[in-house]
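To start, the structure itself, in structure tokens.
Please treat every number below as a calculation from the coordinates, not as lab data. These numbers come from a predicted model, not from an experiment. Here the Cβ is made from the backbone with ideal geometry for all residues, glycine too, and neighbour counts use every protein chain on show.
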Amino acid sequence: MSQSPPMVKDSISGADYFLRGFSLIRQPGIRTFVVIPLMVNFVLFAGAFYALLLQLDGLFGWLHQQIPSWLDWLDYLLWPIALVTVLVVFSFLFSSVANWIAAPFNGLLAEKVEQILTGKVVSDTGMLDIVKDMPRTFGREWTKLKYYLPKAIGCLILFLIPVVGQTLAPVLWFLFSAWMMAIQYIDYPFDNHKIRFITMRDTLKQHRGQCLSFGALVTLFSAIPVVNLFVMPVAICGATAIWVDHYRAEQLNR
């Protein structure tokens, strides 16, 4: 009886790599480096969400002064709607801000994951090295932002075009978000090896399907309140596994 051929790395979808990140963050040698991005996420999320709740409380206080007392029952309807809306919108904005602030630590996490997966030390990075490298790291994030903004604005303009634009815009926005999530997270191991952004972008284009399936799952999980707190370290681990399996050998041999 013939045996089925073994699974090759090229057959593994990007979504599978993202799910693999959940097991990687539990590795003994990685847990410590997962804590910092998680703490950054938690502090940012808790602080910003508390500030938003205060604003909502002030808004509802103002509404109480504008409407008659017999409409006070609207609180029970409007508060849940307002909370859900704020959570969903905030989830998307939160991911972008958190990536900027935690960028130096995200690179360190990607470095340690690569070391676990390959058994080779990427670099002997300490806290002082992280601080010294911050200008370059934030410069890389700025490069990603410059790549993102014009395309995001173009997609948003489509929402203003009746019928055709408004039909295509949600689909294009989701695909674009998935692509940007792939670029955001797979870039960390590329950047650790000082590979230029343009080189990274062009390389990912050759594996667009895998990148989109990875980014699509990151996008979906990022839209889930509370769960999105854990998306960043999980995505970094999964993205680093993609780097090791598909890009590392070719890029380091150049």
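Below are the figures for this structure:
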quantity: Most to least packed among 24-32, 223-231 [average Cβ atoms within 10 Å]; calculated: 223-231, 24-32
quantity: Rounded, prolate or oblate (a/c below 1.5 giving rounded, otherwise prolate when a/b exceeds b/c) for segment 98-254 by Cα gyration tensor; calculated: prolate
quantity: Packing rank of 133-144, 233-244, where each peptide gets the mean count of other beta carbons within 10 Å, highest leading; calculated: 233-244, 133-144
quantity: Burial order of peptide ranges 189-195, 49-55, 210-216 (average beta-carbon count within 10 Å, highest first); calculated: 210-216, 189-195, 49-55
quantity: Cross-link table Lys120/Lys151; Lys151/Lys194; Lys112/Lys151, entries beyond 30 Å C-alpha to C-alpha; calculated: Lys120/Lys151; Lys112/Lys151
quantity: Extension gain (nm, one decimal) between Ile157 and Arg31, 0.36 nm per residue minus Cα-Cα; calculated: 41.2 nm
quantity: For segment 145-242, with +1 on Lys and Arg beta carbons and -1 on Asp and Glu, the positive-most of Leu160, Ala223, Ala235 along the dipole; calculated: Leu160
